[in-house]
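To start, the structure under review is shown below, and the notes come after it.
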Amino acid sequence: MKVPGKRADREVLTMSEELAERGEVLIGTTTYEPSAQEAEAMLQAVRKRADGWRNGVGATLTLVLASLAVKPGEGFMKYTGDTRVALMLLIGGSLLSALVALFLLVNAANGPTWLRELVGHEATPQRYLRRVVGARRDLRVGQGLWVVSLLLFCGAVLATWLTPLP
């Protein structure tokens, strides 16, 4: 018999096998299969959450880019040598991380570009649930990359505060 991945499911399986050896049956051990409508509602909930994150990351990316454009010559370009290189790497890493996060959050909110609409006989709960898993994964990774982006940008700001002007 295949052992499920979750600890609680493994415990239930072990308990039901022990009871089966004694000739007893554990009631309520069947797994719940959502309907196509319930699975679609789960997908829509994940997409709505990802939509809010997408808007927030887009706004953060805009602020990072705007901070680079304000007062040219007054920003990190006035630093020289290793300090300038470090600042450019931190800000570049922040921008790259934010762009990848934004891409993943758009993917989570709208689905990948190759995904067709699930209509007709293809609208099975399994297809919706597979997309829910993919959207949740994209959402989590996008959130993590946004945090990385924010930390890199804060590191660049901190470096400008701690480094003396040339």
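Taking θ as phi - 60°, what are the ³J(HN,Hα) couplings along region 52-67 by the Karplus curve (6.51, -1.76, 1.60), each to the nearest whole Hz, with x for Gly and Pro?
Coupling constants for region 52-67: x, 5, 4, 5, x, 5, x, 5, 5, 4, 5, 5, 5, 5, 5, 5 Hz.
Could you give each residue of region 148-161 its phi-based ³J(HN,Hα) in whole Hz, using Karplus coefficients 6.51, -1.76, 1.60 with θ = phi - 60°, and x for Gly or Pro?
4, 4, 5, 5, 5, 5, 5, x, 5, 5, 4, 5, 6, 6
I'd like the accessible area for K78, computed on protein heavy atoms only with a 1.4 Å probe and all protein chains in place. Round to 10 Å², please.
80 Å²
Given the Cα-Cα distance of R140 and N55 and 0.36 nm per residue of separation, how much length would full extension add, in nm?
29.1 nm
Per residue of region 93-100, what does 6.51 cos²θ - 1.76 cosθ + 1.60 with θ = phi - 60° give for ³J(HN,Hα)? Whole Hz please, x for Gly and Pro, Karplus curve as stated.
x, 4, 5, 5, 4, 5, 5, 5
Ignoring ligands and nucleic acids, what accessible area does W53 show with a 1.4 Å probe (Å², nearest 10)?
80 Å²
The values are calculated or read from the model by the stated rules, or taken from the named source; none is laboratory data. Everything numeric in this text was worked out from a predicted model, so none of it was measured. Surface accessibility is based on the protein's heavy atoms, side chains included, excluding ligands, DNA and RNA. Shrake-Rupley method; radii C 1.70, N 1.55, O 1.52, S 1.80 Å.
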